[in-house]
2 protein chains.
Amino acid sequence: MYRILQRFTTIEIKRRGVQAIQCCGLHELNKEQHNFSNENKSFKRTRNILLGAVVGGCIGYYFIEKSKLVSAEEIKKYNNDEPGSFKEDLPVYNLEDISSHATRDKRIWVTYKEGVYDITNFIDTHPGGDQILLAAGSSVEPFWLLYSIHENPHVYKILESYRIGNLNKDECNNLTKDMTDPYFNEPKRHNALKPASKKPFNAELPPELLIQSFITPNELFYVRNHLPVPDLKAETYELEIEIEGVKKTKSFRLEDLKKLPKKTITATIMCAGNRRSDMIKHKPVKGLNWGPAAIGTATWTGVPLRDVLISAGLKEDDDKFKHVQFEGGDSDVTGKMYGASIPIWRALDKRGDVLLAYEMNGVPIPRDHGFPIRVIVPGVVGARNVKWLEKITVSDKESDSHWQQNDYKGFSPSTDWDTVDFTKSPAIQELPVISAICQPSEGSTVKVEQDKITVKGYAWSGGGHKIVRVDVTVDGGKSWHVANFEHQDAALPPQHWAWTIWTVKIPVDKKSKNVEIWAKAVDSSYNTQPESVENIWNLRGVLSNAYHKVKVNLKR
Amino acid sequence: MYRILQRFTTIEIKRRGVQAIQCCGLHELNKEQHNFSNENKSFKRTRNILLGAVVGGCIGYYFIEKSKLVSAEEIKKYNNDEPGSFKEDLPVYNLEDISSHATRDKRIWVTYKEGVYDITNFIDTHPGGDQILLAAGSSVEPFWLLYSIHENPHVYKILESYRIGNLNKDECNNLTKDMTDPYFNEPKRHNALKPASKKPFNAELPPELLIQSFITPNELFYVRNHLPVPDLKAETYELEIEIEGVKKTKSFRLEDLKKLPKKTITATIMCAGNRRSDMIKHKPVKGLNWGPAAIGTATWTGVPLRDVLISAGLKEDDDKFKHVQFEGGDSDVTGKMYGASIPIWRALDKRGDVLLAYEMNGVPIPRDHGFPIRVIVPGVVGARNVKWLEKITVSDKESDSHWQQNDYKGFSPSTDWDTVDFTKSPAIQELPVISAICQPSEGSTVKVEQDKITVKGYAWSGGGHKIVRVDVTVDGGKSWHVANFEHQDAALPPQHWAWTIWTVKIPVDKKSKNVEIWAKAVDSSYNTQPESVENIWNLRGVLSNAYHKVKVNLKR
């Protein structure tokens, strides 16, 4: 456990000439963890500060919750003070002093601006347990920059209640200079998108809106970003292709790619965390609190990856390579790019339909979705559909990125953060069959017409499988009703990449005031959904494809 | 219900010039039901007799059990008589007399050879209940021809204890002539195979034996025959290949096929009805009462189907054909061959590994498994792995055979025989993920060692998916234990065709006297098994892949 966390929190700070601080992670806050590596010694001190800062923000989050416990006197005491401002009556510490307070026996200190805080007494109330200790001896600020939830007076007040001193001013100034917001240049988003997190931006539509259209409009397509959105320009864009063992890499400009024969497919893309909120209801997990709308369907136009690889010199029957790795233009504060890979057979399979797409629903792919090039790997988890594609590597190995190696994998319900071994599970590729009830939504009131209610939703399966049936029940499975398909793509398996929109009218008992609706789908391999979330729960909250269950009130 | 039975038991008798009687069907006996049509009026009487005779044999079976109750005197009484021989001192009846005794109030009569028997007093001791009445007023012989268990002196003795008369000799001779056994030339089978039906022969191993070996020995491989086993000869064997729209068909002799480049794969084949017995426990279905061993794994050597099709003139990129149909050398009494088809993309896919196999585990494929050529479609339901392959047709259409169109399809739990529409469901091809606990077996007593019990089983998934995890619980899912893989093939998805043998030691409560063990598998698409059989139940009892649940007693 310690080893894994250590690996995730080694931070390196350098990107495009501007020193910026970015801090992600912390499963307690359901945020993402990133992989960093150390570049040179001069960054070590700052790294150590940031190491703790990762979890520092988390503390702030819990301060909000704890705020009700703080006495009115305490709040008054700090009310007129600027949080983190210098306090004449308190001692001054330098970064080295602070980083030496990183264990319980030596007390746990953190910094915020010029403030130094001893949070040792807060630690035991921390629901995430010992993991809070990672914040020890460093600053909470980078995390607060990333997650706007901390812009809350309560957080500052609670933090100040643990104030013990001041940070050496010179060091503090140096630190502040580094903290430029990496999210300063994000694209504008549609108000209908409901964020699961703002920085990085992750958002979905209300489910009722989602299934109004077989094709999801670009502006309403769920956004799942792991990092700040890069601002790539069509004119200067270059895609680099490396075939391992071949010295010379090949580059394609956007116009080069557009000259190659193009293909359009209709494909659904889904986040591995879609419907995670159902899993969280059972037991907390690490991950964004996605509802059932971290999914969308679009037409994607681009050049088949196999054609590009072959034109880059890859021989189709060469079996020495096993994977095709992708690197996005989105990078963390260390300059490490987002990365993922897919097995080479899928990349080369004519029926795999893997595209380097430059159009989404007939227009250039919007920035949030990967402008100018996104890999579309239909039937495969969104995380491998790398956006802002800058580099392809044909390799014998999988991508070594955090997201391929230590994230986006499934585990047994009994595996916890103390026993998890990420090397033991394969990276998610094809996704299993799933469905969701989108209308009516949880807790809503539904009009009963002719003793029936109308239920509507989507179903989808990975790997090019088609949905062959959706069963819906309002009596706990005593009677199942086969849904009608309102819209299903004509493509045949194994190239059926899009979801199915279904609807069904179900009789309800005349006396019932409320019902729980269940839906389950069956795909063309006759795989079906597992019944209950308890038995598929996993610590990362991925693959949440149990029966979708929605409770509604009835109105006559 | 009546309509269905009527449909399945209308019998037509004509095959290869010899009038033979074949009797299949009757789901009450968990036998296969076949579609027959009536050819002419003259067969009606015989048909009626046979209708009852099907179950007549069943009576004989129970006679064995009842034999211990028969007095020594009774046995002596009939000891020196040939069963069913003419008895001078008894009256003579004709078929019409006998068929008039088919209800309790008129007494229940049956015939065996020249003997007439009143079995009314036996009926109430029949464990199968009223179903025995189907034998009323007709001959038991066809059934005894089908099930060799009746070749037992006890059965004859008990039968003779109910003797009341003689059958009109002329009629009897006519009857005997019609009863040529279509199963007269079946291969010899290993005694360890436990028949689910004898004619056609369908049998599986006891589960504990099944998982003793990653490769299932040929002699112990489950047998699933729909019809009598044809006796094809290597020297005269010919495979005909027709490409629709091309006048000239192409023929391959066995030696022609063997000259083509060969390939060997390790693949598991499974019957769609595997584990149907679990479904039957919930609610009756139509189909053989398979346990969890209608599955086996072998190495298959043969020539890739794609190579044969291309050498027969099929163009790989010709998209006017959609299916490849197969016809076996096994035919029903009308001369109609067993048939099935697969989508052409699978047949032509290099990674599909579809073989025209002539070797099973390194030796010529045994007769029961398709000598001399069986299509191996790895990852796809056994029913499409056509045995005794005689013809291939490349077509725009699926096979029109009963087994492709009106069998081997999945339905909603609420679909019954009055509402079923076979055109609405796709023919099963790829099978979903499944697992089974093979050791300990249901109801057995298990030794607890160091507070743990050892559980062992298999898991498999269709479509070339690999098993990535098996979870086992003995506390209803409160705690899941990840099984170890005792043997798993190294082949990577999407060409992982073989099962996984797993084992796990699970702690059991010190006070427990018995436990229910549950197992579920997860495959490389992260599909997992549905929990309960109730919600996947279907009228045909196929795709029974719910959690496998086995109750055992504990011994310390």
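The values are calculated or read from the model by the stated rules, or taken from the named source; none is laboratory data. Predicted model only: the values in this text are computed from it and were never measured. Please note: Cβ atoms are built from the backbone with ideal geometry, for glycine as well, and neighbour counts cover all protein chains shown. Remember, those area values only see protein heavy atoms, side chains included, never the ligands or the DNA or RNA. Shrake-Rupley method; radii C 1.70, N 1.55, O 1.52, S 1.80 Å.
For segment B:434-555, rounded, prolate or oblate, judged on the Cα gyration tensor with a ≥ b ≥ c (square roots of eigenvalues), a/c < 1.5 rounded, else prolate if a/b > b/c?
Since a/c reaches 1.5 but b/c is at least a/b, the shape of segment B:434-555 is classed as oblate.
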- Item | Label spacing, shortest first and in nm, from residue A:253 to its equivalents in the remaining copies (7 angstrom along Cα→Cβ) | 6.5
- Query: Residue-wise, which Karplus ³J(HN,Hα) couplings in Hz belong to segment A:297-311, taking 6.51 cos²θ - 1.76 cosθ + 1.60, θ = phi - 60°, and x for glycine or proline?
  - Reply: 10, 9, 8, 10, 10, x, 9, x, 4, 4, 5, 5, 5, 5, 6
- Query: Which values, in whole Å and largest first, are the semi-axes of the equivalent ellipsoid of segment B:182-339 obtained as the square root of 5 times each eigenvalue of the Cα gyration tensor?
  - Reply: 32, 19, 18
- Here the Cα Rg-to-2.2 N^0.38 Å ratio for segment A:284-412 is 1.07
- Note on the structure: Residues meeting the amide H criterion for residue A:139 (H placed from the backbone, H to H distance under 5 Å, 5 or more places apart or on another chain) are A:50, A:52, A:53, A:111
- Message: Can you return the aspartates and glutamates within cross-link range of residue A:258? Criterion is Cα-Cα under 14 Å, with same-chain partners fewer than 8 residues away left out.
- Response: A:235, A:238, A:307, A:359
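I'd like the interface area for chains A and B: accessible area of each alone minus the complex, both sides summed, 1.4 Å probe, protein heavy atoms only. What is it in Å² to the nearest 100?
3300
Which sequence of B:360, B:337 reflects their accessible areas, 1.4 Å probe, from the largest down? If you can, show how the numbers build up before the last one.
Details: B:360 0, B:337 45 Å².
Accessible-area ranking of B:360, B:337, largest first: B:337, B:360.
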- Query: ³J(HN,Hα) across segment A:393-406 via Karplus (A = 6.51, B = -1.76, C = 1.60, θ = phi - 60°), whole Hz, x for Gly/Pro?
  - Reply: 10, 8, 9, 7, 10, 5, 3, 8, 5, 3, 6, 8, 8, 10
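Set the bar at 28 Å for Cα to Cα. Now go through B:286/B:520; A:409/B:456; A:466/A:549; B:336/B:549; B:286/B:447 and name every pair that lies beyond it.
Details: B:286/B:520 25 Å; A:409/B:456 25 Å; A:466/A:549 22 Å; B:336/B:549 40 Å; B:286/B:447 37 Å.
In this structure, B:336/B:549; B:286/B:447 lie more than 28 Å apart at Cα.
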- Compute the label-point distances linking residue A:532 to its equivalents in the other copies; points lie 7 Å from Cα along Cα→Cβ; give nm, one decimal, shortest first. 0.9
- Please turn the phi angles of segment B:346-360 into ³J(HN,Hα) values with the Karplus equation 6.51 cos²θ - 1.76 cosθ + 1.60 (θ = phi - 60°), one per residue in order, whole Hz, x for glycine and proline. 6, 5, 8, 6, 4, 7, x, 6, 6, 10, 9, 8, 10, 10, 10
- Treating only Lys and Arg (+1) and Asp and Glu (-1) as charged, each at its beta carbon, one finds that segment B:434-555 has a dipole about its Cα centre, in Debye to the nearest 20, of 340
- Note on the structure: Which residues qualify? For residue A:296, with a placed amide H closer than 5 Å and at least 5 residues away or on another chain, they are A:269
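I'd like to check one number: the per residue accessible area of segment B:208-424, probe 1.4 Å, reported in Å² as a whole number.
Working: 7860 Å² over 217 residues.
Result: 36 Å² of accessible area for each residue.
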- Query: Taking the label point 7 Å from Cα in the Cβ direction, how far apart in nm is residue A:231 from each other copy of itself, listed shortest first?
  - Reply: 8.5
- Message: With the crude spin-label approximation of a point 7 Å out along Cα→Cβ, what separation in nm comes out for residue A:475 versus residue A:118?
- Response: 6.7
- Among A:493, A:522, A:472, the residue whose Cα sits farthest towards the positive end of the charge dipole of segment A:434-555, when +1 is placed on the Cβ of each Lys and Arg and -1 on the Cβ of each Asp and Glu, is A:472
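About the Cα centre of segment A:206-424, what is the dipole size in debye to 20, counting +1 per Lys and Arg Cβ and -1 per Asp and Glu Cβ, all else neutral?
Values: 31 positive and 31 negative charges, 66 e Å.
With Lys and Arg at +1 and Asp and Glu at -1, about 320 debye.
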- Query: So who's got an amide H within less than 5 Å of the one on residue A:116, skipping anything under 5 residues away but keeping other chains? H placed 1.01 Å off N, in plane.
  - Reply: A:164, A:165, A:166, A:167
- How many Å² of accessible area per residue for segment A:434-555, probe 1.4 Å? 35
